[in-house]
1. Which pairs have Cβ atoms under 9 Å, sit 6 or more apart or on different chains, and link a residue in segment 41-61 that is in contact (Cβ under 8 Å) with a residue 12 or more places away in the chain to one that is assigned to a loop (DSSP other than H, G, I, E, B) and of a type in the set (Gly, Ala, Ser)?
2. Looking at segment 59-99, which of its residues are among the small types (Gly, Ala, Ser) and either surrounded by 11 or more Cβ atoms within 10 Å (Cβ to Cβ) or at pLDDT 95 or above (or both)?
Amino acid sequence: MSGSALQTEFEFTLPQGYADEEGTLHREGTMRLATAADEIKPLTDPRVRSNGSYLTVILLARVITRLGTIEEVTPHHVENLFVSDLAYLQDLYERVNARGADTVDAVCPECGEGFEVEIRSTFEREPEEVEAGNP
């Protein structure tokens with residue numbers, strides 16, 4: 001837990017996946033932690049100035065370092081994601097950048113031992129977990 005190296009890249013699996021022009025489905029990817037420049041530079045982009053919602057597209061294109069076999073993710077790729085995939089990536093972005101990790105520290109109430117717990121969104125849960133109401 002404490003003293004461990006900062007995790008700066010996070011692997012993910014999209015719920016649906018990005019289908020490229022050849023019909024190849026790309027679901028596995030990697031997102032890195034955002035920098036201040038990642039959040040500031042897109043604000044000068046004309047697409048963002050004319051439509052504030054486009055900020056998400058540019059921001060995600062900057063921090064997704066790989067999507068399947070695509071190693072240079074562009075706004076075009078993000079624009080063509082399914083809505084569920086976009087929501088998943090927005091949630092992942094918020095989780096990893098708010099804490100710098102996809103886990104939280106926890107302590108066993110009985111023995112006092114510390115451990116890490118992985119945080120998963122609704123998109124990452126198995127359908128039977130969601131139906132049962134498990135967080």
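1. Cβ pairs passing all conditions: Leu59/Ala34.
2. Going residue by residue through segment 59-99, those that are among the small types (Gly, Ala, Ser) are 61, 68, 84, 87, 98.
Ala61, Gly68, Ser84, Ala87 - these are the residues of segment 59-99 that are among the small types (Gly, Ala, Ser) and either surrounded by 11 or more Cβ atoms within 10 Å (Cβ to Cβ) or at pLDDT 95 or above (or both).
The values are calculated or read from the model by the stated rules, or taken from the named source; none is laboratory data. Everything numeric in this text was worked out from a predicted model, so none of it was measured. Note that each Cβ is placed from the backbone with ideal geometry, even for glycine, and that neighbours are counted across all protein chains shown.
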